[in-house]
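Trainee: One structure, as structure tokens, below. Some questions next.
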Ligand code: DGY
């Protein structure tokens, strides 16, 4: 018996949502296998628009700008996977996603070195007042050059860096610091293994000890409700007046109003921020400070890395819709494989 394949039969293409603009070639590839509802205009959805956009789709590619919770998931009965194009996933209410039986994924590893590079770059720019110096040049102040009156910075070499959050990115920053002859101390929920501490030449410290001792404090830990405002006026008061504070993790870890006050009052030397409470808004008092370097959440933003993040998010989405375990599944309890 000959089996005839009806090549004209419509192929079922699962519906997916791509909630932010992605690289056009990646989108074109997705369109070969899925019915794609995309947002290449990149206007951020309101929660209500996101909830509507999720109705009827089986998978969604989202980023930190999309909060996925019980409200946005209501009515999304076909949804099997939400794939974040980001390693941090504080935009996910994981218990609510899990309760809805939806897989949640993120993009670890592919951005570690790029983000560590940027953390170190932001530290250097902050300690050596590179933004202020550029403004000085652009304002035609170079003729005021003097030995004592240039923007004088703080040294990195042979100083102490205190890293709060010693995961993959924190360890990457520690290894970069070693090549500057820096002394590395760290604070983390759990201590590293002796082997990992040795690889980073890092010494564990309590948060208070780290804040008192470090010349440069760098935050690289995930945001949770428990560590909201973990750096506020009280913690800043422990820091040296010559210290810098760098955040490449998440807004909300620092009390931005307290930080602005401390910077204006000279309580610490300077700050470098890639992330903000309520971003893309920036606290107006921070904008008034000259001793701060501001960046628009770009720590992972190299073309190579952003492409790798999109590719990994797509791999996660495809695996979930093919009935396979996504490579970076966050809520393993949903996996029924
Ligand atoms: C991440 O992946 O968590 C970075 O902050 C980039 O969004």
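The values are calculated or read from the model by the stated rules, or taken from the named source; none is laboratory data. Predicted model only: the values in this text are computed from it and were never measured. Counting neighbours? That spans all protein chains shown, and the Cβs are built from the backbone with ideal geometry, glycine included.
Trainee: Tally the residues that are over 24 Å from residue 116 (Cβ atoms), away from the ligand (no atom under 16 Å from the Cβ) and outside any helix (DSSP H, G or I), restricting the search to segment 257-281.
Mentor: 4
Trainee: Quick test for you: out of 320, 271, 257, pick the one residue that is closer than 24 Å to residue 207 by Cβ and buried (at least 20 other Cβ atoms within 10 Å of the Cβ). Walk me through how you get there before you give the answer.
Mentor: Details: 320 fails: closer than 24 Å to residue 207 by Cβ; 257 fails: buried (at least 20 other Cβ atoms within 10 Å of the Cβ).
Within the list 320, 271, 257, the selection yields 271.
Trainee: Would you please list the contacts, defined by Cβ atoms under 7 Å and residues six or more apart or on different chains, that run from a residue in segment 69-98 that is over 13 Å from residue 331 (Cβ atoms) and touching a residue at least 40 places away in the same chain (Cβ under 8 Å) to a residue that is away from the ligand (no atom under 16 Å from the Cβ) and assigned to a loop (DSSP other than H, G, I, E, B)?
Mentor: Final answer for the pair search is 78/56; 78/57; 78/58.
Trainee: I'm checking my understanding of the structure. Among residues of segment 315-330 that are within 15 Å of the ligand (Cβ to nearest atom) and in contact with a helix residue (DSSP H, G or I) (Cβ under 8 Å, 6 or more places away or on another chain), which one is nearest to residue 114 (Cα to Cα)? Write out each step before concluding.
Mentor: Residues of segment 315-330 within 15 Å of the ligand (Cβ to nearest atom): 316, 328, 330.
Then keep just the ones that are in contact with a helix residue (DSSP H, G or I) (Cβ under 8 Å, 6 or more places away or on another chain); that gives 328, 330.
Numbers: 328: 19, 330: 22 Å.
The residue in question is 328.
Trainee: Follow-up. Here are some conditions: (1) part of a helix (DSSP H, G or I); (2) surrounded by fewer than 19 Cβ atoms within 10 Å (Cβ to Cβ). Residue 158 meets all but one. Which one does it not meet?
Mentor: It fails just one condition, (1).
Trainee: Within segment 91-121, which residues are touching a strand residue (DSSP E or B) at 6+ places or on another chain (Cβ under 8 Å) and part of a loop (DSSP other than H, G, I, E, B)?
Mentor: 91, 93, 102, 106, 107
Trainee: Would you pick out the residues in segment 77-90 that are more than 16 Å from the ligand (Cβ to nearest atom) and either at pLDDT below 95 or part of a loop (DSSP other than H, G, I, E, B) (or both)?
Mentor: Residues satisfying the conditions are 77, 78, 79, 80.
Trainee: Tell me which residues, restricted to segment 1-28, are over 16 Å from residue 322 (Cα atoms) and modelled with pLDDT of 85 or more.
Mentor: Within segment 1-28, 17, 18, 19, 20, 21, 22, 23, 24, 25, 26, 27, 28 meet the criteria.
Trainee: What is the number of the single condition among (1) surrounded by 15 or more Cβ atoms within 10 Å (Cβ to Cβ); (2) closer than 12 Å to residue 102 by Cβ that residue 70 does not meet?
Mentor: The number of the failed condition is (1).
Trainee: Further question on the same structure: Under 7 Å by Cβ, and 6 or more places apart or on different chains, what pairs join a residue from segment 151-167 that is in contact (Cβ under 8 Å) with a residue 12 or more places away in the chain and on the phi > 0 side of the Ramachandran plot with one that is crowded, with 17+ Cβ neighbours inside 10 Å and in a strand (DSSP E or B)?
Mentor: 165/219
Trainee: Any residue at all in segment 240-250 that is within 30 Å of residue 335 (Cβ to Cβ) and either within 16 Å of the ligand (Cβ to nearest atom) or touching a helix residue (DSSP H, G or I) at 6+ places or on another chain (Cβ under 8 Å) (or both)? First the steps, then the outcome.
Mentor: Residues of segment 240-250 that are within 30 Å of residue 335 (Cβ to Cβ), as a first pass: 249-250.
With either within 16 Å of the ligand (Cβ to nearest atom) or touching a helix residue (DSSP H, G or I) at 6+ places or on another chain (Cβ under 8 Å) (or both) added as a condition, the list becomes 249-250.
Scanning segment 240-250 turns up at least one residue that is within 30 Å of residue 335 (Cβ to Cβ) and either within 16 Å of the ligand (Cβ to nearest atom) or touching a helix residue (DSSP H, G or I) at 6+ places or on another chain (Cβ under 8 Å) (or both).
Trainee: I'd like the full set of residues that are assigned to a loop (DSSP other than H, G, I, E, B) and either surrounded by fewer than 23 Cβ atoms within 10 Å (Cβ to Cβ) or at pLDDT below 95 (or both), limited to segment 323-337.
Mentor: 323, 324, 325, 327, 328, 330, 331, 335, 336, 337
Trainee: Can you tell me which residues in segment 22-76 are part of a strand (DSSP E or B) and out of contact with any helix residue (DSSP H, G or I) (no Cβ under 7 Å at 6 or more places or on another chain)?
Mentor: Once the filter is applied, which keeps residues that are part of a strand (DSSP E or B) and out of contact with any helix residue (DSSP H, G or I) (no Cβ under 7 Å at 6 or more places or on another chain), segment 22-76 yields 35, 62.
Trainee: What's the total number of residues in segment 282-305 that are assigned to a helix (DSSP H, G or I), surrounded by fewer than 18 Cβ atoms within 10 Å (Cβ to Cβ) and within 16 Å of the ligand (Cβ to nearest atom)? If you could, list the steps in order and put the result at the bottom.
Mentor: The initial filter retains those residues of segment 282-305 that are assigned to a helix (DSSP H, G or I), namely 284-287, 303-305.
Keeping just the survivors that are surrounded by fewer than 18 Cβ atoms within 10 Å (Cβ to Cβ) gives 284-285, 287, 303-304.
Next, from what is left, pick out any that are within 16 Å of the ligand (Cβ to nearest atom): 303-304.
Matching residues across segment 282-305 total 2.
Trainee: Does residue 232 satisfy the criteria of being modelled with pLDDT of 95 or more and within 28 Å of residue 113 (Cβ to Cβ)?
Mentor: For residue 232, the condition - modelled with pLDDT of 95 or more and within 28 Å of residue 113 (Cβ to Cβ) - is not met.
Trainee: Consider residue 42 carefully, then state whether it is in the same structural domain as residue 269 (by TED's automatic domain parsing) and within 16 Å of the ligand (Cβ to nearest atom).
Mentor: Criteria not met by residue 42.
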